[in-house]
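The values are calculated or read from the model by the stated rules, or taken from the named source; none is laboratory data. Please read all numbers here as calculations on a predicted model, not as lab measurements. Cβ sites come from the backbone with ideal geometry, for glycine too, and all protein chains shown count toward neighbours.
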């Protein structure tokens, strides 16, 4: 099936910016007749049809959306790339806007964006205290959608706190014959770490397995290494459920230093599927998180709210266990 042309394709053919294409189709003044004609001719050649109908009348049609992120935290780049691509494919222009860290200044900046008349919708991956979860108001403002996948400190609070992959990994390791487990946890102030810890405890209890402990960690390789160094010499055979790939890497290194064979005596799992994890020896079984698809889904929710259409269902396969050598040593069950 041939891919539908986008405003990006029209902009490239017409030799203008993508925002200019959006301005032409939303009727924004200030575009010269020659530029407008060039854009319309390019659109006709590509058989491009902007999906600008059925938009809410609560705000002026600008063809522009904003994604807001806190200044003091790391930008969720893969989420942003997915969100921007989804909006671009529907003919929107997206701007990424930083919000101040202080709540008062953040509220003031958000109010400026809402009142500016530049945007049809505003998307935030973190909570917005004054407009949290809002969908515009009767005064003609834009749709404001807070999907709250992170808190203000960029700790995951949404889809990626789903701990079902922990259960899947423990069940498979148990089926291979593992009976003794250790969880090297992340910091307790992270919702994702608390969720994985509880999933570990529940799965071990339900399956009648032995847990030799839950060690509190800090997401670092040192955390994994220290936990393994502290184990008694008769700990193996053992399956280690690490909070993330860095913790798992430290655990692998410490186990190797102690002369424990991996994965025959010690199986290790991680979380995050960092690029280097596939190149460890042994390569690391881990959990892949499709942040780009989550970003696209979040933007699709915003566009549905702007248009007044039904919101799309959230994908249920954003988290996938990637099985590799660090757990690939099945032992016969008794």
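To keep it simple, each residue is scored yes or no on (1) surrounded by 20 or more Cβ atoms within 10 Å (Cβ to Cβ); (2) in a helix (DSSP H, G or I).
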{"site": "225", "(1), (2)": "yes, yes"}
{"site": "234", "(1), (2)": "no, no"}
{"site": "240", "(1), (2)": "yes, no"}
{"site": "252", "(1), (2)": "yes, yes"}
{"site": "277", "(1), (2)": "yes, yes"}
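Taking the numbered list (1) at pLDDT below 95; (2) within 29 Å of residue 126 (Cβ to Cβ) in turn, residue 247 passes all entries but (1). A count restricted to region 302-329 and to residues that are farther than 19 Å from residue 167 by Cβ and touching a strand residue (DSSP E or B) at 6+ places or on another chain (Cβ under 6 Å) stands at 3. Working only within region 179-194, note down all residues that are touching a helix residue (DSSP H, G or I) at 6+ places or on another chain (Cβ under 6 Å) and modelled with pLDDT of 95 or more. Within region 179-194, 181, 183, 184, 185 meet the criteria.
Return only the number of the condition from (1) more than 18 Å from residue 170 (Cα to Cα); (2) in contact with a helix residue (DSSP H, G or I) (Cβ under 6 Å, 6 or more places away or on another chain); (3) surrounded by 20 or more Cβ atoms within 10 Å (Cβ to Cβ); (4) at pLDDT 95 or above that residue 217 does not satisfy. For residue 217, the failing item is (4). Hey, does region 195-206 have a residue that's assigned by TED's automatic domain parsing to the domain that holds residue 177, in contact (Cβ under 8 Å) with a residue 12 or more places away in the chain and part of a loop (DSSP other than H, G, I, E, B)? Looking for residues that are assigned by TED's automatic domain parsing to the domain that holds residue 177, in contact (Cβ under 8 Å) with a residue 12 or more places away in the chain and part of a loop (DSSP other than H, G, I, E, B), one finds none in region 195-206, hence no. Being at pLDDT 95 or above, assigned to a strand (DSSP E or B) and closer than 15 Å to residue 270 by Cα is a condition met by no residue of region 160-178.
Tallying residues that are buried (at least 18 other Cβ atoms within 10 Å of the Cβ) and more than 28 Å from residue 86 (Cβ to Cβ) within region 283-298 yields 2. Take the conditions (1) exposed (fewer than 15 other Cβ atoms within 10 Å of the Cβ); (2) in contact with a strand residue (DSSP E or B) (Cβ under 6 Å, 6 or more places away or on another chain); residue 270 misses just one of them, which is (1). For region 125-149, the candidate set comprises residues that are crowded, with 21+ Cβ neighbours inside 10 Å and at pLDDT 70 or above; within that set, the residue that is farthest from the chain's Cα centre (by Cα) is 142. For region 37-52, filtering for residues that are surrounded by fewer than 16 Cβ atoms within 10 Å (Cβ to Cβ) and at pLDDT 80 or above leaves 5. Of everything in region 282-302 that is within 19 Å of residue 170 (Cα to Cα) and not in a loop (DSSP other than H, G, I, E, B), the residue that is farthest from the chain's Cα centre (by Cα) is 285.
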